[in-house]
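Heads up, the thing below is written out as structure tokens.
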Amino acid sequence: MKILIINGSPKGDRSNSIKLTEAFVKGMNIGESETIDLSKQDIKPCKGCFGCWKVTPGKCVIKDDMTANLKKLIAADIIIFSFPLYYFSVPGILKNFIDRQLPMVLPFMEDRTDGVGSGSHAGRYDMSGKRFVLISTCGFYSAQGNYDAVCGMFDHICGKDNYEKIFCGQGELFAIDALKTQTSAYLDTVSKAGAEFIHGGISKDTRAELSHLLFPKEQFEAMADASWGVSRDENSTEKADESHIFTKQMATLYNKNSFDGQERVLEIHYTDIDKKYQIRMMKDGTEFITENFSEPTTIIETPFTVWKDIAEGKENGAVALGKHLYTVNGDFSLMVNWDKYFGAEKPADKNTVSGKKPPVMTSMLVPWCVFWTIMPFLGASWAIIPLMIAALTPVFMIKHELTIYDRLSAGAAAILSALTIITGDTAMPRVISYIIFGTMWLISCCTKEPLCAAYVKYNYGGESALSNPLFMKTNYILAAAWGGLYLIMAAISWALTDHAAIFSVLSSVLPAAMGAFTVFFEKWYPQHLASGAH
Ligand SMILES: Cc1cc2nc3c(=O)[nH]c(=O)nc-3n(C[C@H](O)[C@H](O)[C@H](O)COP(=O)(O)O)c2cc1C
């Protein structure tokens with residue numbers, strides 16, 4: 001099957017529209033395709049001499065690239081017209097290409113049967129089995145209502161609705177690397193459309209997805225307006241510099257639904273070019289401040305080059321922060337929830353690889369906690385309860401992913417409970433349980449994923465949190481601290497075998513104190529590192 005792509009963008013391979021076309025062809029997955037890049041071709045305008053009808057039938061009198069193009073059109077099975085919308089129609093180079101197809105039709109007048117227009121010319125070649133696709137981006141926020149002229153023309157050329165079409169507004173966003181999260185999701189849908197097209201036709205659901213706006217109208221228009229870097233005042237010749245345009249555009253990405261009742265002022269200081277901007281994040285949007293600065297709540301000090309690389313996805317923001325390529329001072333929660341505030345939140349991040357709900361630490365803790373709570377007060381035979389809980393953990397947690405620590409805990413707690421029942425001794429199994437529990441935390445510090453990280457990573461972007469040095473350092477320290485605490489608990493439990501009441505107090509107070517320390521440390525330590533501390 002031969003796919004022929006006519007790239008009608010004067011920008012050639014920098015075209016936004018061709019990105020959609022490439023995604024569509026990838027989705028079709030039927031091998032090679034050929035592209036005619038009209039921006040690189042020599043195609044003169046039709047002279048209107050009708051030489052191709054009366055002097056050299058089927059052959060144009062102009063000798064240029066169109067001679068070869070006509071042969072390719074005749075040979076192709078699927079012809080994709082990829083082009084930007086120019087003045088609500090096709091760009092001139094594509095119109096030239098279309099006009100120069102006159103040799104492909106016969107001069108004789110024919111009636112139309114599809115109700116389009118008032119006449120037609122029969123084809124000189126049999127084009128009946130071919131499938132046509134139009135793929136185009138345009139600059140306005142939506143494609144809706146902008147393609148009447150294009151569809152009017154192609155209804156005449158291909159037959160009424162005898163072609164597939166994907167028209168997408170906000171086209172210039174496909175050229176912005178910093179928006180890849182949003183645009184690549186759209187391109188994935190275009191690929192899906194390609195797969196469906198080749199197996200029959202694009203489904204209603206996919207069409208509905210394709211008509212979704214990449215950004216809401218207001219947000220897109222603010223972003224687009226900011227991108228020009230010029231003022232609305234036509235007498236002003238001032239042109240904003242790149243960092244100004246870039247930061248103002250970033251401000252337009254602010255997602256006002258993330259507003260939590262607290263106004264924030266983010267200050268960005270580009271240290272390499274010594275420029276400072278502030279973004280006031282409010283209930284109804286942002287204010288972009290370039291002078292008369294307010295009191296900032298979060299200050300980012302970064303070279304502009306670094307910040308741009310992060311925004312364009314060339315550098316991971318968290319990794320760069322861990323490498324001290326930039327620093328953050330003040331309210332660090334803005335950084336932790338950056339994607340929520342500035343719009344690139346990926347819904348998949350909250351899911352596990354298996355598609356189940358993320359693991360919860362309670363599934364690992366419950367068998368132990370029940371064991372430790374029951375043992376000092378009730379007899380050894382009551383160990384049947386933690387034994388049952390441990391055995392049933394996979395059932396209770398059927399909807400959740402289980403970590404290796406959940407499994408190890410359930411296994412160890414079950415074995416210890418069984419030993420308690422068999423031996424009738426509660427003291428030694430309890431000491432051993434603390435040793436096992438503490439050792440599990442400590443051993444996890446020698447792995448790529450310290451124990452607590454296996455659970456909390458889902459609050460910090462899923463697997464990607466594991467490449468975040470701040471997150472990892474914090475979790476290694478906490479895992480080591482918890483491991484140490486439980487080894488101490490083992491010693492205390494052994495030493496206080498005959499002092500159940502004292503032990504019972506300590507066994508509640510010490511973990512509670514460590515819990516409070518954890519809550520403090522997991523906030524304070526990343527913030528401390530981000531402010532430039534090593
Ligand atoms: C000369 C010119 C005319 C344009 N006319 C329109 C238009 O009528 N409607 C529209 O929504 N966008 C219009 N645009 C914007 C382009 O359609 C838009 O930037 C598109 O994404 C460019 O696609 P490309 O990168 O594939 O060339 C126009 C752009 C230019 C340069």
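Since every read-out is calculated from the coordinates, none of them should be taken as a lab result. This is a predicted model, so every value here is computed, not measured. Methodologically, a virtual Cβ is constructed for each residue, glycine included, from the backbone with ideal geometry; neighbour enumeration extends over all protein chains shown.
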Report summary line: Amide H contacts under 5 Å for Ile6, restricted to residues at least 5 apart in sequence or on another chain and with H modeled in the peptide plane, are Ile36, Ile80, Phe81, Ser82
Query raised in the report: By how many nm would the segment from Phe521 to Val230 grow when fully extended, if each residue of separation counts as 0.36 nm and the alpha-carbon distance is taken off?
Result: 100.1 nm
Report summary line: Taking max minus min of the Cα coordinates of segment 250-352 on each principal axis, largest first, gives extents in Å of 44, 33, 21
Requested in this report: Could you tell me which of the pairs Lys248/Lys340; Lys180/Lys217; Lys283/Lys314 are separated by over 26 angstrom between their Cα atoms in the structure shown?
Outcome: Lys283/Lys314
Query raised in the report: Mean shadow of segment 1-113, computed from the convex hull of its alpha carbons, in nm²?
Result: 8.5
Requested in this report: Report the antiparallel proportion of the DSSP beta bridges in segment 1-129 as a percent, rounded to a multiple of 5.
Outcome: 30
Report task. Would you grab the residues whose amide H sits under 5 Å from the one on Glu164? Only those 5+ places off in sequence or on another chain, please, with H modelled 1.01 Å from N. Result -> Phe132, Val133, Leu134
Report summary line: Taking a label point 7 Å from the Cα of Ser203 along Cα-to-Cβ, the residues of segment 1-40 whose backbone nitrogen sits under 19 Å from it are 24-29
Query - Contour excess over end-to-end distance, with Cα ends at Met282 and Thr56 and 0.36 nm allotted per residue - result: 74.4 nm
**Report entry** Whole-Hz couplings from phi, Karplus 6.51/-1.76/1.60, listed for segment 199-205; x for Gly and Pro
**Finding:** 9, x, x, 6, 6, 4, 4
Report task. Mean Kyte-Doolittle of at least 0.0 plus a Cα span of 27 Å or more along the axis: flag which DSSP H helices in the chain meet both, please. Result -> 404-423, 469-495, 500-530
Requested in this report: Report, ordered by chain and residue number, the aspartates and glutamates lying within cross-link reach of Lys256, taken as a straight Cα distance under 13 Å and ignoring same-chain residues fewer than 8 apart.
Outcome: Glu218, Asp284, Glu287, Asp339
Query raised in the report: Taking only the alpha carbons of segment 113-196, what extent do you get along each of the three principal axes, in Å, biggest first?
Result: 49, 26, 18
**Report entry** Rounded to 5, the percent of DSSP beta bridges in the chain classed as antiparallel
**Finding:** 45
Report task. Please quote Rg/Rh for the chain to two decimal places, taking the Kirkwood radius as Rh and restricting both calculations to Cα atoms. Result -> 1.15
